[in-house]
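I have placed the structure first, in the form of structure tokens, so that the comments after it can refer back to it.
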Ligand SMILES: Nc1nc2c(c(=O)[nH]1)N[C@H]1C(S)=C(S)[C@@H](COP(=O)(O)O)O[C@H]1N2
Ligand SMILES: [Mo]
């Protein structure tokens, strides 16, 4: 490492490390329209609801998000303090492992890039476990969580995300099958070792790349 300038804060150091490791470059790929639908998927215009059979009633007043584990600055937000964080808007396609895809979803919320800037993952952090109010869990490699178009969303098409779709706050990681996008998100836990989640321990693929049809583990 070279000498540090006065403005070489922890924040810029982390940003630079991530840029060097290419982590901020793993996001949206531009594909020709003819290659937009992943193999084995069909397009839908409505937005199906998938859950474990119960829809937790999480109000904005009761919702909390804890960011814990291998980070320099753990945070605990309520809806008001979470909404005061930097806002990003992304447009992305949804690909569900049950073979439906839905194009052009317009999301707003806190990008995972901005979250990582705030909490500063420690060097040993390589995975994240996502937990939700219905007991659901799922896991991501930190590189996938840090994808350029991933966000912790409060709005879809300019409206608060409805309860059935995971409101008030859900994760959106559009480059992987949608089971990785935890609804009713209440904890993001940074880990040194991977921790397969609800579907991952029940036969779903550990990563879930729709372009490689990583639906189920062998
Ligand atoms: N908390 C929670 N998140 C979840 C699920 C769930 O059951 N509980 N299901 C996953 C699955 S399998 C899919 S396909 C999407 C469905 O999101 P949607 O109902 O908004 O389409 O949410 C994912 N996130
Ligand atoms: Mo799913």
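The values are calculated or read from the model by the stated rules, or taken from the named source; none is laboratory data. This one's a predicted model, so the numbers in the text were calculated from it and none came from an experiment. Neighbour counts run over all protein chains shown; Cβ positions are idealised from the backbone, glycine included.
Among the residues in region 70-92, are any touching a helix residue (DSSP H, G or I) at 6+ places or on another chain (Cβ under 9 Å) and crowded, with 21+ Cβ neighbours inside 10 Å? So far as region 70-92 goes, no, none of its residues is touching a helix residue (DSSP H, G or I) at 6+ places or on another chain (Cβ under 9 Å) and crowded, with 21+ Cβ neighbours inside 10 Å.
Out of the strands (runs of 3 or more DSSP E) lying entirely within region 34-103, which hold 2 or more residues that are at pLDDT below 95 and away from ligand 1 (no atom under 11 Å from the Cβ)? Can you show your working first?
On the way: elements: 64-69, 75-78, 88-95.
Output list is empty.
Taken across region 115-134, residues that are more than 22 Å from residue 175 (Cβ to Cβ) and free of Cβ contacts under 8 Å to residues at least 24 places away in the same chain do occur, with at least one present.
Just one of the numbered conditions (1) at pLDDT below 95; (2) touching a strand residue (DSSP E or B) at 6+ places or on another chain (Cβ under 6 Å) is not true of residue 217: (2). On the basis of being surrounded by 12 or more Cβ atoms within 10 Å (Cβ to Cβ) and within 16 Å of ligand 2 (Cβ to nearest atom), does residue 51 make the cut? Here the answer is yes, as residue 51 does meet what is asked.
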